[in-house]
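Right, one structure below, let's go through it.
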Amino acid sequence: MTRKEALLAIIQFSDNKDEAFSQLAKYPREYDATLVNVTPLMLINNLNMYIQNTITSEDLEFWANFIEIREDIDFSEVEGEIYALSNPDLMGEITISKMTKLISILENACH
């Protein structure tokens, strides 16, 4: 599994994300290039996973924190949303109602 494949598996909550974390640990921490871009559609897909109880609010928070610390991930298209998800104590708790509204906002922005 390449670094990019591992990052995508983690970002997209793939079934093999646990293996991806193990694979990612084999690569040096620092990386000077962007390998993956987190898009609004990726975020919408993950928020839908939360709404469908496939992942938890803790999973979403961990996911957002993971993205924020990576130099090889560009999340500029959804930077505000990632910040909010990674800081629920500051920005408000992650709830189905809020995530449903966020999906609606993101979908409207995409069209």
Q.
Can you work out the Karplus-derived ³J(HN,Hα) for every residue in region 78-83? Use 6.51 cos²θ - 1.76 cosθ + 1.60 with θ = phi - 60°, whole Hz, and x for glycine or proline.
A. 10, 4, x, 5, 5, 4
Q: Quick one: angle between helix 40-51 and the longest Cα principal axis of the chain, in degrees between 0 and 90, rounded to 10, please.
A: 70
Q. What aspartates and glutamates sit close enough to Lys101 to cross-link, taking a C-alpha to C-alpha distance under 14 Å and skipping anything fewer than 8 places away on the same chain?
A. Glu81, Glu93
Q. What is the spin-label model distance, in nm, from Arg29 to Glu71 if the labels are put 7 Å beyond Cα along the C-beta direction?
A. 1.1
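About its Cα centre, what dipole magnitude does the chain give when the only charges are +1 on Lys and Arg Cβ and -1 on Asp and Glu Cβ, stated in debye to the nearest 20?
Numbers: 8 positive and 19 negative charges, 37 e Å.
Taking the Cα centre of the chain as origin, the dipole is about 180 debye.
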Q | Long-range amide H partners of Asn37 with built H, under 5 Å | A | Asp74
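Exactly which GluC sites (Glu not before Pro) in region 1-56 are in a DSSP loop and have at most 15 other Cβ atoms within 10 Å?
Details: sites: Glu5, Glu19, Glu30; in loops: Glu30.
Loop-located and lightly packed - Glu30.
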**Q.** Sorted peptide list for 103-109, 57-63, criterion being average Cβ within 10 angstrom, highest first
**A.** 57-63, 103-109
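Taken together, the values in this text are just the output of simple stated rules run on the coordinates, not laboratory data. Here the structure is a predicted model, which means the values were calculated and not measured. Because the Cβ atoms are built from the backbone with ideal geometry, glycine has one as well, and the counts that use them run over all protein chains shown.
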